[in-house]
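Let me begin by presenting the structure, written as structure tokens, before commenting on it.
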Amino acid sequence: MNETAAVLHPEIEPAESPLTPESWGKLGMWIFLAGDAMSFGGLLAGYGALRASSPNWPNPMNVLGIQLTAFMTFLLICSSVTMVLGLSGARHGDLAKFRKFILLTILGGTVFLLLQAYEWTHLTHEGMTISGNPWGSSLFGTTFFIITGFHGCHVFGGVLYLSCVLLSGLNGRFLGENANVVEIAGLYWHFVDLVWILVFTFVYLL
Amino acid sequence: MAQARTQHVEPNYMNIFWALAVLTVIEIAVTYIPAHKLAIGTMLVILAASKAALVALYFMHLKFERPTLGIIALTPIILCVFLILMLLPDLTAKDRLNAAPPSPPAEVTTPAH
């Protein structure tokens, strides 16, 4: 029956064919990321509205350290590259490559978090808190800490997630056909990188 | 069918990496250009959007997925555009309210009785 239908209508895909043929988990991750993107979108839109309606908004370029955050951006881009290389290792059954590059990705995320902790400490010592700062509108500090903090939580979650993938994959369980577990973790990690690109532009550079 | 879609040629990730690194350097350089704030802002938004697109299309493999998955990925962008459009009248209303206060108190000083 199915076969005749396929012959009569070769352009119709079978009903069981999902959007992501590799696994349902991948579709689930995409839907989660779409929702998460709206959280970040809401935060950034709110940031824009508050900034546009505050007459005494400080110039972020003068107040926040651009060199350090530019390096943090570079670090996250590098960790995205190590992530795809780790996935490539898993796909091709290369356990050593998988371990090396996923470990480097985790390391990149951890250094990012340490640098963010250093940056936050530095800024709070200068008098910037979530409720006020010496340079202008108190909402500058509020939005800065909420947005970078929300993103930092995502990086922390990603470091934990990738650590779990690395530890449970040490024995080679995610190689070859089973690499989609690594791919799904990678989707999350690249999303965190993508969001940082936007946060870096809107909160630090604009 | 599924095999054909998953077994695509892996893009050269190092090229994407260099593109992202160069775009980041350009972004920082743009902030030092002595141009109008709006012009710099527009350039920064375009640069950030192209970086985000590179990450989504190549690192997240969106370019090699089914188009319907791309629609799922696009929904937050569409909704955010609506959100910004809905916020715009509020911002202009605030300007009107800020400009308004001087006149009303004068009318209140004449009580009815």
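Just to be sure before I move on: is A:L104 within 16 Å of the chain's Cα centre (by Cα) and facing another protein chain (nearest Cβ under 10 Å) in the structure I sent?
No.
Hey, can you tell me all the residues within region A:8-37 that are in a loop (DSSP other than H, G, I, E, B), modelled with pLDDT of 60 or more and not acidic (D, E)?
A:S17, A:P18, A:L19, A:T20, A:P21, A:S23
Look through region A:54-81, keep the residues that are surrounded by fewer than 18 Cβ atoms within 10 Å (Cβ to Cβ) and small (G, A, S), and return whichever of them is farthest from the other protein chains (Cβ to nearest Cβ).
A:G65
Which numbered condition trips up A:S138, out of (1) surrounded by 19 or more Cβ atoms within 10 Å (Cβ to Cβ); (2) farther than 30 Å from A:L166 by Cα?
(1)
Considering each of A:L123, A:L115 in turn, give the residue that is in contact (Cβ under 8 Å) with a residue 24 or more places away in the chain, surrounded by fewer than 17 Cβ atoms within 10 Å (Cβ to Cβ) and more than 11 Å from chain B (Cβ to nearest Cβ).
From the options A:L123, A:L115, the qualifying one is A:L115.
Out of B:T31, B:T68, I need the residue that is β-branched (V, I, T), surrounded by fewer than 14 Cβ atoms within 10 Å (Cβ to Cβ) and at the interface with another protein chain (Cβ under 7 Å from one of its Cβ atoms). Which one?
Every option except B:T68 fails the conditions.
Taking A:G109, is it touching a Lys or Arg at 6+ places or on another chain (Cβ under 9 Å), of a type outside the set (A, V, I, L, M) and more than 14 Å from every other protein chain (Cβ to nearest Cβ)?
So A:G109 does not fit the description; no.
The values are calculated or read from the model by the stated rules, or taken from the named source; none is laboratory data. Small disclaimer: the values here were computed from a predicted structure and weren't measured. Because the Cβ atoms are built from the backbone with ideal geometry, glycine has one as well, and the counts that use them run over all protein chains shown.
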